[in-house]
Amino acid sequence: MTDYAMSSSGSPGKLNAGILRRKEVMERFSATSLTFPGLVLIALVLLVPVLWLFWLSAFDAAGDLSWANYERMGKSIYVRTFTTTFRIAIIVTVCCAILGYPVAYLMSQAGRRLSLVILLSVLLPFWTSVLVRTYAWLVLLQRTGLINGWLQNWGIIDEPLALVHNELGTIIGMIHVMLPFMILPLYASMKAVDPSLMLAASNCGATPAQAFRQVYFPQTVSGLSSGAGLIFVLCLGFFVTPVLLGGGRTYMWAMQIADNISLYGNWGAASALGVVLVIATALVLLAVQFVLRRAGGTK
């Protein structure tokens, strides 16, 4: 009787495999059902506005379908604004990488208490708004500010330096805002590096510089590229800091969009500028993804 039941119902291994498959299907279904509302919400708040942006950019000021909004991108003012935005974004990204790498390295190598102090110092700017931080830099960098006052009191300079209401002040303020976005990904990638690899490289005769260049640094490229991509994308859409610290002399892409809406009421042109920004952002993200894949493949 027992043998007949076993032969008719299948072996225990097949029964267990069937049960596992059913459980796996149910888990996938439950995971999909849980993520579906979030995907719908993302589609509504992200994709719909972007599609609407593309739609508005296809109409001129008279409400007719036209490429006029994109044809004006060849004008000198837009080309100059675009190059200024990209140049500042590149400078800020490079400066954040140069300043952030040593800080992240110190955090990853320091003891628990010192690492916690540095981490809190890095996260502290997030507790205040960008507007407040930008005004603080305005106080520090202006001609009668603290920095110029200290430099004159110490006899380093005779006349106040022009540190604000120009591109230099804009870059300084943007670096301060963006620096944590470089340090945190770098810190995460550095903590994942196996310390025994550096010891093994040293035992194989590599100098500390060679070990760092050939062993340590390649394993932190993923964090470096993630931070660089995030900073570069955010810099493309910066508005508050260039307005306050640039003093209207550093004209960036987001300011061009705002002026087309607030001053001229030209939503089509502003939407076209937004489309260009979205495309540039997508290209940067694709480049970062390519670098991450290459970095992952070389490990």
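The values are calculated or read from the model by the stated rules, or taken from the named source; none is laboratory data. Keep in mind that this is a model prediction, so the values were computed, not measured. Note: ideal-geometry Cβ built from the backbone for every residue, glycine included; neighbour counts use all protein chains shown.
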One residue from Leu292, Leu244, Leu236, Leu277 being in the same structural domain as Arg72 (by the TED database), farther than 22 Å from Phe54 by Cβ and surrounded by 17 or more Cβ atoms within 10 Å (Cβ to Cβ)
Leu244
Yes or no: the stretch 195-215 includes at least one residue that is in a loop (DSSP other than H, G, I, E, B), within 27 Å of Tyr101 (Cβ to Cβ) and in contact (Cβ under 8 Å) with a residue 40 or more places away in the chain.
no
Does Ala110 meet the test of being in contact with a Lys or Arg (Cβ under 9 Å, 6 or more places away or on another chain) and of a type in the set (A, V, I, L, M)?
no
Identify the residue in the stretch 68-79 that is surrounded by 12 or more Cβ atoms within 10 Å (Cβ to Cβ) and of a type outside the set (S, T, N, Q) and, among all such residues, is farthest from the chain's Cα centre (by Cα).
Ala68
Tell me, please, whether a residue that is of a type outside the set (Gly, Ala, Ser), in contact (Cβ under 8 Å) with a residue 24 or more places away in the chain and not in a helix (DSSP H, G or I) can be found in the stretch 231-240.
yes
Residue in the stretch 251-259 that is surrounded by 14 or more Cβ atoms within 10 Å (Cβ to Cβ) and over 23 Å from the mean Cα position of the chain (by Cα) present
yes
Within the stretch 120-165, residues surrounded by 13 or more Cβ atoms within 10 Å (Cβ to Cβ) and in contact (Cβ under 8 Å) with a residue 40 or more places away in the chain come out as Val122, Pro125, Val130, Arg133, Thr134, Tyr135, Trp137, Leu138, Leu141, Val164, His165
Could you go through the stretch 205-214 and let me know if any residue there is farther than 16 Å from Cys95 by Cα and in contact with a Leu (Cβ under 9 Å, 6 or more places away or on another chain).
yes
Within the stretch 89-128, which residues are within 12 Å of Leu186 (Cβ to Cβ) and not hydroxyl-bearing (Ser, Thr, Tyr)?
Cys96, Ala97, Ile98, Leu99, Gly100, Pro102, Val103, Ala104, Leu106, Met107, Val122
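A quick yes/no check of all residues on (1) under 18 Å from the mean Cα position of the chain (by Cα); (2) assigned by the TED database to the domain that holds Thr250; (3) at pLDDT 95 or above:
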| site | (1), (2), (3) |
| --- | --- |
| Phe86 | yes, yes, no |
| Ile91 | yes, yes, yes |
| Tyr101 | yes, yes, yes |
| Ser115 | no, yes, no |
| Leu120 | no, yes, no |
| Phe126 | yes, yes, no |
